[in-house]
Amino acid sequence: MAIRYELIKKCKQTGARLGRVHTPHGSFDTPAFMPVGTQASVKGMSPDELKKVDAQIILSNTYHLMLRPGSDIVRESGGLHGFMNWDRPVLTDSGGFQVFSLGGLRSIKEEGVTFKSHVDGSKHFISPEVAMQIQNDLGADIIMAFDECIPYPCGHDYAKKSLERTTRWAERCKQAHKNTEKQALFGIVQGGVYKDLRVQSANELLELDFPGYAIGGLSVGEPAEDMYAMLECTVPLLPEDRPRYLMGVGSPDYLIEGAIRGIDMFDCVLPTRIGRNGTVMTSRGRLIVRDAKYARDFSPMDPECGCYACTNFTRAYIRHLLKVNEVLGIRLTTWHNLSFLLNLMKNVRKAIIEDRLGDFRNSFLGTMGKKW
């Protein structure tokens, strides 16, 4: 098997688990947040800078890399690790979320999905087999089965048909996957916000015996209570000896609540996206550093943060950079946001070791998390 999950400890207070995932390109500690490098680059950050903020694993996107530069070019360069000079673990998604977010620009059939590129309108086709070929070319340590990510809200009948197609596609992905010794293929649990469908999806995927399981189709607009309910009915069904990945989640409150419910891995573009818009996460909540009231504020973005940006620069200076469109401004806000979330996960892991994750959650959300 390409990867191995090591369960180290469970928090007596919450049941959250501390673990380690071993991959061909090294190990990473869980619960883990994975910065997103959509185009084989985490926007604004070099590989060395990612290591300085202690990113142990990053994510890249199959859909975007298929369009540009093409998976064959990445393969010829030695896969993503060689292409982007990153020697730690990489995960690639299947492209399903991006394809299905195209709406009217795509059509779904049992064979796969035909869609128009958001770049130039050219027509493309992704099937489970094509998704596997692309991800085999990209060479990530962890790859995802091709699935359908339904919108919220979605009726029960369509959600059921969709998850059953996702199961059939998952089986085809497993049959088409050609690099099983070096790349671990995860199945993706779907089913919208319906408990019976989540249970059905999980049980069907368990029969296929994947080395890890993702939970998709959440954080797409549903209330937080619905997300937590879906996790609570799904996670207990998943094997104890396999990693569990909640896709597309990156706000501090969701990370903590997901960990409490047994999730090991998270990813989201949130920290880099809001950083480019001049917004940062702080120990006291969201701070829009572009705001005029910070023009003469010579304090750090977050006085409790020890990252490079907060140690060396003020709100006033970073606001100035953002207002005059200096690239350094968005690099500093991005650096801080990634550092903030990765440090949050360190604190979550520490709280699990010390059997106090519930207390940590209450303290953290009392000062910051509810503002997200």
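Could you work out the helix-only [θ] at 222 nm for the chain, with each DSSP H run of four or more residues adding -39,500 (n - 2.57) and the total divided by the number of residues, to the nearest 500 deg cm²/dmol?
That comes out to -12000 deg cm²/dmol.
Evaluate 2.2 N^0.38 Å with N set to the residue count of the chain, then give the Cα radius of gyration divided by it.
Cα-based Rg divided by the globular estimate yields 0.97.
Please figure out what share of the DSSP beta bridges in the chain is antiparallel and state it in percent, rounded to the nearest 5.
The answer is about 50 percent antiparallel.
Among residues other than GLY306 whose Cβ falls under 13 Å from its Cβ, what is the net charge (Lys/Arg +1, Asp/Glu -1)?
Values: positive: LYS52, LYS346; negative: ASP54, ASP302, GLU304.
That sum, taken over residues with Cβ under 13 Å, equals -1.
Select from GLY155, PRO128, LEU185 the residue farthest towards the positive end of the dipole of the chain; place +1 on Cβ of Lys and Arg, -1 on Cβ of Asp and Glu, and compute about the Cα centre.
It is GLY155.
Students often check this: by mean Cβ neighbours within 10 Å, which of 97-109, 250-262, 222-234 ranks highest, and how do the rest follow?
The peptides rank, most packed first, as 250-262, 222-234, 97-109.
Mind computing the radius of gyration and Dmax over the alpha-carbon atoms of the stretch 254-305? Å is fine for both.
14.1, 44
Using a 1.4 Å probe over the heavy atoms of the protein chains, calculate the carbon and sulfur portion of the accessible area of the stretch 213-361 as a whole percent.
Heavy-atom surface of the stretch 213-361 belonging to carbon and sulfur, 1.4 Å probe: 49 percent.
Go through 47-56, 284-293 and give me the packing order, highest mean Cβ count within 10 Å leading.
Numbers: 47-56: 17.2, 284-293: 14.2.
Per-residue mean Cβ counts within 10 Å order the peptides as 47-56, 284-293.
May I ask what percent, to the nearest 5, of DSSP beta bridges between residues of the stretch 55-196 are antiparallel?
Looking only at bridges with both residues in the stretch 55-196, the antiparallel portion is about 45 percent.
In whole Å, what are the Cα extents of the stretch 78-147 along the three principal axes, biggest one first?
On the principal axes, the stretch 78-147 reaches 38, 25, 16 Å in Cα extent.
Give the shape of the stretch 210-270 as rounded, prolate or oblate, defined through the alpha-carbon gyration tensor: a ≥ b ≥ c are the square roots of its eigenvalues, a/c under 1.5 means rounded, and otherwise the shape is prolate if a/b is larger than b/c and oblate if not.
Verdict is prolate for the stretch 210-270.
Quick check for you: with a 1.4 Å probe and neighbouring chains kept, what is the accessible area per residue of the chain, in Å²?
I get 40 Å² per residue for this part.
Tabulate in residue order the Karplus-calculated ³J(HN,Hα) for the stretch 177-186, using 6.51 cos²θ - 1.76 cosθ + 1.60 with θ = phi - 60°, rounded to whole Hz; enter x for Gly and Pro.
5, 9, 10, 5, 7, 10, 10, 8, 9, 9
Within the stretch 44-138, what whole-number % of the accessible surface is contributed by carbon and sulfur, with the 1.4 Å probe and all protein chains included in the calculation?
About 50 percent, which is the carbon plus sulfur part of the accessible surface.
Once you compute Rg and the Kirkwood Rh from C-alpha atoms, what is the Rg to Rh ratio for the stretch 126-193?
Rounded to two decimals, Rg/Rh equals 1.03.
Can you give the Rg and Dmax of the stretch 1-144 based on its C-alpha atoms, in angstrom?
For the stretch 1-144, the Cα radius of gyration and maximum Cα-Cα distance read 16.8, 54 Å.
The values are calculated or read from the model by the stated rules, or taken from the named source; none is laboratory data. Model, not experiment: these values are computed from the prediction. When we count neighbours, we look across all protein chains shown, and the Cβ atoms used for this are built from the backbone with ideal geometry, even at glycine. When the accessible area is computed, the model is the full protein with side chains, heavy atoms only, and any ligands, DNA or RNA have been set aside. Shrake-Rupley method; radii C 1.70, N 1.55, O 1.52, S 1.80 Å.
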